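Derivation of every value follows stated rules applied to the coordinates shown; laboratory data play no part. Owing to the predicted nature of the structure, the values given are computational and were not obtained by experimental measurement. Backbone-built Cβ (ideal geometry, glycine too); neighbour counts: all protein chains shown.
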Amino acid sequence: MAGPYVIGVDGGTEGLRAGVFDLTGMPLAFAASSYDTNFPHPGWAEQNPADWWRAMGPAVKQAVAEAGITADAVAGIAVDTTCCSVVALDAAGDPLRPALIWMDVRAGTQAAAIAACGDAALKVNGGGEGPVSAEWMLPKACWLKAHEPQVFAAAQTICEFQDYLNHRLTGRMVASINNASIRWHYDARGGGFQPSLLAAIGAPELAEKLPAEVLPLGEVIGGLTAAAAAHLGLPKDLPVAQGGADAFIAMVGLGVVRPGRLGLITGSSHLHLGLSETEFHGQGIWGTYADAVVPGLHTVEGGQVSTGSVVKWFKTLLGDQFSYDALNAEAAALPPGAEGLVVLDHFQGNRMPYTDPDSRGVIAGLTLRHGPAHIFRAIVEGVCYGTELIFEQLRANGFTPAEIVICGGATRSDLWLQTHADVSGVPLSLTAVADAPSLGSAILAAVGAGLFPDIPTASDAMVRVVRTVEPNMDRHAAYRPFYEAYRDTYPAMRDILHRQATAAKN
């Protein structure tokens, strides 16, 4: 097996996963290593950056070993990670505190203040009228300044999970145009970082703390340092290509590299991502972001905070008495609507279309008739209703994709796949490699190694559609009243949920 091969590394919420791929996109092996998330208070979520680096070594070494290849057959490596996992580093590059990871929504007050600042750089979200998410980079950085001023002052660098790992790999501190454009209000066509915005939010010193260089996807950051090569079991100076936010890199791994397709990336959360030839902004959507994935194109985004994480939460509550297979089988035998249950999937707030960090989950319609399978099905349906609500927002803003390509945790459940198709009334395509983020990173590694001239060419060569799930339009009609109940739940419950969230914080 002479190669060349490429390695894609996916730094997720629960652990880090490395995959070895050939140049047709065929995976030879995957290996994973986990790390912990801590929840010190409601709405908070933290991880130790050192755990990310610790996890990367054994994952890469095991993947290469199980692939049955030699390290010198590897041509390049790239990493994608969760986004808005804010890291504060000292002058030596060591973390000053645990990272505030993507699902941390403690910075709601700061997000509201940024949304109200009036700076033109906020145009990408909600058509220039906000809102700004508490998940994002600037609100969290402002929270650090307000609540941990000693950490903020001591931080030489405030960066992302992505940037921290790439710095450990190469010794070079750079940002990805993907993370910077989608979450830091970086404008690739309008001067980069926005000093007026940083001044308007009361944090002008962030200009000196953010990475000075911003690189496009697939560009070589540098070669592996000797220490990094030893940690990963790979050759020193192996090219490391720039990656980005996991779901956006999954677009590359799904073949969503041209206008006309929408990527539905599922996992602990859901993201809905597509490309447009033109820039547009509107209420209830995020984006568009210029050049954030493919140069010359604009990326549009929708997202749900709590999806697979709600399923995991419920399964954890049940313990070992039910397996996922048993829950799926029993839930599949129930009718659409789970016999009158509707779940609002805001267990960690809402990302879109409301961008409300203080919204919370709701299970409505419970009776003594309902059992675990009913609730499980209602959770799956609630996530699918949330997706359809986002599709409605996208269509209202003139973005209607011709094809939806899905990947991630939901693809392991036929019930979940079919429910997504049925609720939205659209076919879903699945690709040969379910782990689209890892494949997307591998594609970027191949571009960085000079094996393909650009991202679309590499994606065309390494991505293949293998299955389509068609909607059942009778079930689509049956879901409609339950979807409408879901759509009405948040407006009806908003004030109550906010009062509960405030009481929990006090």
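Among the listed pairs Lys145/Lys505; Lys61/Lys145; Lys315/Lys505; Lys123/Lys209; Lys312/Lys505; Lys123/Lys145, those whose Cα-Cα separation exceeds 29 Å are Lys61/Lys145. Rg/Rh, computed from the Cα trace of the range 279-330 with Rh as the Kirkwood radius, has the value 1.31. Note on the range 63-127 and the range 382-414: Cα centroid distance 24 Å, given to the nearest whole angstrom. Residue separation of Thr400 and Asp94 scaled by 0.36 nm, minus their Cα-Cα distance, works out to 105.7 nm of gained length.
Against the compact-protein benchmark of 2.2 N^0.38 Å, the Cα-based radius of gyration of the range 354-506 scales to 1.31. For the chain, what is the mean residue ellipticity at 222 nm derived from helices alone (per DSSP H run of n ≥ 4: -39500 (n - 2.57); sum divided by total residues; nearest 500 deg cm²/dmol)? Taking each H run of at least 4 residues, the total per residue is -12000 deg cm²/dmol. Per-residue extension of 0.36 nm, minus the Cα-Cα distance of Phe39 and Asp460, leaves a gain of 147.5 nm for this segment.
The distance between label points at Asn506 and Phe280 comes to 4.4 nm (points 7 Å beyond Cα on the Cα→Cβ vector). Computed on the Cα atoms alone, the convex hull of the range 133-245 gives a volume of 108 cubic angstrom per residue. 3J(HN,Hα) couplings calculated from phi for the range 297-312 with the Karplus curve 6.51 cos²θ - 1.76 cosθ + 1.60 (θ = phi - 60°) are, in sequence order, 10, 10, 9, 10, 9, x, x, 10, 6, 10, 10, x, 5, 6, 4, 5 Hz; Gly and Pro show x. Figure legend: label point modelled 7 angstrom from the Cα of Ala65 along Cα→Cβ; residues of the range 1-18 with amide N under 17 Å from it are 17-18. Positive end of the dipole of the range 254-362 (Cβ unit charges, origin at the Cα centre): among Val305, Gly263, Leu327, the Cα lying farthest that way belongs to Gly263. Using alpha carbons only, the radius of gyration of the range 267-364 set against its Kirkwood radius gives Rg/Rh = 1.10.
What is the ratio of the Cα radius of gyration of the chain to 2.2 N^0.38 Å, with N the residue count, to two decimals? Write down the numbers at each step before the final one.
Details: Rg = 21.7 Å, N = 506, 2.2 N^0.38 = 23.4 Å.
Dividing the Cα radius of gyration by 2.2 N^0.38 Å gives 0.93.
Considering every alpha-carbon pair of the range 317-383, the percent of pairs per 10 Å bin, from zero through the bin containing the longest distance, is 21, 45, 29, 6. Coupling constants for the range 50-56 follow from the phi torsions by the Karplus curve (6.51 cos²θ - 1.76 cosθ + 1.60, θ = phi - 60°), and in residue order they are 4, 5, 4, 5, 4, 5, 5 Hz; glycine and proline get x.
Volume per residue, Å³, of the convex hull around the alpha-carbon atoms of the range 208-281?
Numbers: hull volume 13.4 nm³, N = 74.
Dividing the Cα hull volume of the range 208-281 by its residue count gives 181 Å³.
Model label sites at Arg499 and Ala329, defined 7 Å from Cα along the beta-carbon direction, differ in position by 4.5 nm. Can you work out the FRET efficiency for the pair Ala492 and Thr367, with r the C-beta to C-beta distance and R0 = 25 Å, to the nearest 0.05? That pair, Ala492 with Thr367, gives E of 0.80. What the Cβ-Cβ distance of Leu317 and Arg467 gives, at R0 = 25 Å and to the nearest 0.05, is a FRET efficiency of 0.20. Averaging the Cα positions of each part gives two centres, and for the range 417-454 and the range 231-259 these lie 12 Å apart.
Rg/Rh for the range 1-69 (Cα atoms only, Rh after Kirkwood) is 1.12. Select from Leu197, Asn166, Tyr186 the residue farthest towards the positive end of the dipole of the range 115-231; place +1 on Cβ of Lys and Arg, -1 on Cβ of Asp and Glu, and compute about the Cα centre. It is Asn166.
In order along the range 30-45, phi translates into HN-Hα couplings of 10, 8, 9, 9, 9, 8, 9, 10, 10, 10, x, 8, x, x, 9, 7 Hz, rounded to whole numbers, per the Karplus curve 6.51 cos²θ - 1.76 cosθ + 1.60 with θ = phi - 60° and x for Gly and Pro. Extending 7 Å from Cα along the Cβ direction at Gln156 and again at Arg258 yields two label points whose distance is 4.6 nm.
Counting each pair of different Cα atoms once, what's the Kirkwood radius of the range 133-175 in Å, rounded to one decimal?
Values: mean 1/r = 0.0878 Å⁻¹.
It works out to 11.4 Å.
When the charge dipole of the range 1-156 is built from unit charges on Cβ atoms (+1 for Lys and Arg, -1 for Asp and Glu) and taken about the Cα centre, the candidate among Thr109, Phe39, Met56 whose Cα reaches farthest toward its positive end is Thr109. Placing +1 on each Lys and Arg Cβ and -1 on each Asp and Glu Cβ, with no other charges, gives the chain a dipole about its Cα centre of roughly 440 debye. Cα-based radius of gyration for the range 28-127, normalised by 2.2 N^0.38 Å, reads 1.47. Compared with the alpha-carbon gap, the fully stretched path from Glu205 to Ala478 is longer by 92.8 nm at 0.36 nm per residue. Using the Cα coordinates of the range 186-329, the gyration tensor eigenvalues translate into equivalent-ellipsoid semi-axes of 32, 25, 19 Å, sorted from longest to shortest.
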